[in-house]
1. Output the residues belonging to the range 252-281 that are of a type in the set (A, V, I, L, M, F, W, C), free of Cβ contacts under 8 Å to residues at least 60 places away in the same chain and touching a strand residue (DSSP E or B) at 6+ places or on another chain (Cβ under 6 Å).
2. Kindly list the number of the only condition in (1) touching a strand residue (DSSP E or B) at 6+ places or on another chain (Cβ under 6 Å); (2) farther than 19 Å from L28 by Cα; (3) of a type outside the set (S, T, Y); (4) without any contact (Cβ under 8 Å) to a residue 24 or more places away in the chain that fails for R71.
3. Can you tell me how many residues in the range 318-334 are in a loop (DSSP other than H, G, I, E, B) and either modelled with pLDDT of 95 or more or farther than 16 Å from A265 by Cα (or both)?
4. In the list A297, A257, which residue meets the criterion of being under 24 Å from S235 (Cβ atoms) and outside any helix (DSSP H, G or I)?
5. Can you tell which of E113, E84 is over 25 Å from S274 (Cα atoms), among the acidic types (D, E) and either in contact with a Cys (Cβ under 8 Å, 6 or more places away or on another chain) or in a loop (DSSP other than H, G, I, E, B) (or both)?
6. Of everything in the range 267-294 that's among the polar types (S, T, N, Q) and part of a helix (DSSP H, G or I), which residue is surrounded by the most Cβ atoms within 10 Å (Cβ to Cβ)?
Amino acid sequence: MSSERPRFIVAGVLRRLYCLLPNGKAVLDAPGGNLLYTAAGIKVWEPDTQPGLIARVGEDYPRAWIQTFARRGMDVRGIEVLPEAIDLRSFVAYTDMHTRYIDDPVSHFARLELSFPRTLLGYRNPIPTLDSRTTLLPVSLRQTDIPATYLDATAAHLCPIDYLTHSMLPAVLRQAEFTTITVDPSPAYMNPTFWEHMPALINGLTAFLPSEEEIRMLFQGRSQDLWEMAETLASYGCEIIVIKRGQAGQLVYDGAAHRRYEVPAYNSMLVDPSGAGDAFCGGFLTGYRLNYDPVEAALHGSISASMTVEGSDPFYALGALPGLADARLESLRNAVHRV
């Protein structure tokens, strides 16, 4: 196994995905999770780089999948296999390109007249809960989960995990002299009850990348103006705030320059919306490291997302024709609007 340090590291969650696509087809017990989509979003722009993956899985997670990630050009030394089973199954059903359900899988398989998979038996519908401020989850990441060679990198992205992971790891990375740290928050702490914790969580980040739904939930009862929300979060010591809005594109607030931009989404052929926001974050990180321009970063993120949603595999974008990403990037640049 390679002992070289990766240029980028990505911390996140791996899943065993069950997905009913908008076209009625089913993806059953396949590799998924925000970690893979983000890493693929990076490799859209730097196909020869090997992003360092950091995640925790149980002993029941297929080892062959981890080997597949390595063959796809991922550095898997940071995937820790725990000596216990962890239920990493994740279910999502799309009734159309914009409507998704994550509960009641039995009714959705019945709706499509599909046999219910035996491997999904016993699956529990997720119950929305707030993240704990004191108790780590099995998938929560610790400082010891980061391989020593990964700390020689200088750019990292933290996918949605949980509050404790996001409150602890940035300090570890800054101590290791990382110069670029981006975070996609967990919806389980983007809630008014965590308001007092946000300044400490965001301070020192390069970019904070919530979805519109998440940031509106956080600011519930405080503001309805997205730009005001972005400026408030940036004032806590974060350089860039990006509000992801799906097909409506992104709002980018450059805190250092006090500038606002609207960056459109690339109009691609949607097949599977899964992982679009994660792929965006991977492209954003890579694009930002090219010239440290937040608009260019968002453009790169938009293209990574556009190529990901055209297939139903986390690595689908990596099979695109050479030059396609660059061509899409050039066509999208002229559509950026400074507010």
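1. V252, the sole residue that qualifies.
2. (1)
3. First pass over the range 318-334, keeping only residues in a loop (DSSP other than H, G, I, E, B): 320-323, 334.
Subsequent filtering for residues that are either modelled with pLDDT of 95 or more or farther than 16 Å from A265 by Cα (or both) retains 320-323.
Looking only at that region, the number is 4.
4. Values: A297 fails: outside any helix (DSSP H, G or I).
Testing whether each residue is under 24 Å from S235 (Cβ atoms) and outside any helix (DSSP H, G or I) leaves just A257.
5. Working: E113 fails: over 25 Å from S274 (Cα atoms).
The unique qualifying residue is E84.
6. T286
Results for (1) within 16 Å of the chain's Cα centre (by Cα); (2) aliphatic (A, V, I, L, M); (3) assigned to a helix (DSSP H, G or I); (4) modelled with pLDDT of 95 or more, shown as yes or no for each residue.
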| site | (1), (2), (3), (4) |
| --- | --- |
| P126 | no, no, no, no |
| S140 | yes, no, no, yes |
| I161 | yes, yes, no, yes |
| T165 | yes, no, yes, yes |
| S186 | yes, no, no, yes |
| H197 | no, no, yes, yes |
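The values are calculated or read from the model by the stated rules, or taken from the named source; none is laboratory data. On a predicted model such as this, the values are computed, not experimentally measured, just so you know. Backbone-built Cβ (ideal geometry, glycine too); neighbour counts: all protein chains shown.
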